[in-house]
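Have a look at the structure below before the remarks.
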Amino acid sequence: MGFTRAQLEAFRGRTLPDLVAPDVRLLFVGINPGLLTVAVQSHFGRRGNRFYPALFRAGIIDRLIDASGGYAEEDRSHLLERGIGITNLVARATARADELTAGELVAGADDLRRRVGALAPKVVAILGVTAYRTAFGRPRTAVGRQPEDLGGSQLWVVPNPSGLNAHATVVSLATAYREVAVAAGLRVGTAQ
């Protein structure tokens, strides 16, 4: 499914529904959806995003998910049945996360606190330390388990799977994501 730049621009500012079920145990929190992600209505929908390959490599999911054309119903169900949820700090779509203002990130953190309180996952994993630092006013935060909880849930900061995060590899992402899955009590298979 190909889109021209002009077609993608039509999705600027639009939103993507959360992927959650009442029994979510591990809630992954992206920064905000990209234009293509909103166009195809699936989280991490850009072909080449390392989120699903990292989940597969970590043994969190049992198959590689390709969300670039939207979710196949069996893939969507698989994520939800595993207890995995996906949301974003900021709902509005942009071409790049660095288009967001600090105020939007802070407001997104406040909204996330409310959503986490309602969903009550065991673990919340925020994908991106820089966005977390701004959103939560914690300029010295490092990746890993945070000393405070969020709405009664363990709070973790893990690397962002975007290709713009050049320091992370699928292997390092898989290691970090496996750690949060274990903390959430998910059954994980053998790491690939």
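If you take the beta carbon distance between residue 182 and residue 9 as r and set R0 to 35 Å, what does 1/(1 + (r/R0)^6) give as a FRET efficiency, to the nearest 0.05? Write out the running numbers ahead of the final one.
Working: r = 41 Å, r/R0 = 1.16.
After rounding to 0.05, the efficiency reads 0.30.
Which whole-number percent is the relative contact order of the chain (Cα, under 8 Å, 6+ apart)?
Details: 375 pairs, mean separation 55.7, N = 192.
Relative contact order of the chain: 29 percent.
For the range 150-157, in order, what is each residue's ³J(HN,Hα) by Karplus, 6.51 cos²θ - 1.76 cosθ + 1.60 with θ = phi - 60°, in whole Hz (x at glycine and Pro)?
Whole-Hz 3J(HN,Hα) from phi for the range 150-157: 10, x, x, 9, 4, 10, 10, 10.
What list of ³J(HN,Hα) values in whole Hz, one per residue of the range 5-15 in order, does the Karplus curve 6.51 cos²θ - 1.76 cosθ + 1.60 (θ = phi - 60°) give from phi, with Gly and Pro shown as x?
Values per residue, Gly and Pro as x: 4, 5, 5, 5, 4, 5, 8, 4, x, 6, 10 Hz.
If you stretched the chain out fully between residue 171 and residue 190, how much longer would it get, using 0.36 nm times the residue separation minus the C-alpha to C-alpha distance? Mind dumping the intermediate values first?
On the way: separation 19, 0.36 × 19 = 6.84 nm, distance 1.36 nm.
Contour length minus Cα-Cα distance gives 5.5 nm.
Counting only residues 5 or more places away or on other chains, whose amide H sits under 5 Å from the amide H of residue 50 once H atoms are built in the peptide plane?
Result for residue 50 returns 163.
Which trypsin sites (Lys or Arg not before Pro) from the range 65-130 combine a DSSP loop assignment with at most 14 other Cβ atoms within 10 Å?
Details: sites: 76, 82, 92, 96, 113, 114, 115, 122; in loops: 82, 92, 96, 122.
Here the trypsin sites (Lys or Arg not before Pro) that fit, given the DSSP loop and packing criteria, are 96.
Can you send over the carbon and sulfur percentage of the accessible area for the range 44-192, probe radius 1.4 Å, protein chains only? The partial results should precede the final answer.
On the way: 3650 of 6930 Å².
C and S atoms contribute 53 percent here.
Which chymotrypsin sites (Phe, Trp or Tyr not before Pro) does the range 3-76 hold that lie in a coil by DSSP with at most 14 other beta carbons within 10 Å? Please report the intermediate quantities before stating the final value.
Working: sites: 3, 11, 28, 44, 51, 56, 71; in loops: 3, 11, 44, 71.
Counting only loop positions with at most 14 other Cβ atoms within 10 Å, the chymotrypsin sites (Phe, Trp or Tyr not before Pro) in the range 3-76 are 3.
If you take every DSSP beta bridge fully contained in the chain, what fraction is antiparallel? Give it as a percent rounded to 5.
On the way: 4 of 20 bridges.
Taking every DSSP beta bridge within the chain, about 20 percent pair in antiparallel fashion.
Using a probe radius of 1.4 Å on heavy atoms only, what accessible surface per residue do you get for the chain? Whole Å² is fine.
Numbers: 8950 Å² over 192 residues.
Here the per-residue accessible area is 47 Å².
Report the Cα centroid-to-centroid distance between the range 166-187 and the range 21-88 in angstrom, as an integer.
14 Å
From the phi angles alone, apply the Karplus equation (6.51, -1.76, 1.60; θ = phi - 60°) to the range 134-146 and give each ³J(HN,Hα) in whole Hz, x where the residue is Gly or Pro.
Values per residue, Gly and Pro as x: 6, 4, 9, x, 10, x, 10, 4, 10, 5, x, 5, 8 Hz.
The values are calculated or read from the model by the stated rules, or taken from the named source; none is laboratory data. The structure presented is a predicted model; accordingly, all values stated were derived computationally and were not measured. Reconstructed Cβ throughout: ideal geometry from the backbone, glycine too, with neighbour counts over all protein chains shown. The area values use the complete protein model at the heavy-atom level, side chains included, leaving out ligands, DNA and RNA. Shrake-Rupley method; radii C 1.70, N 1.55, O 1.52, S 1.80 Å.
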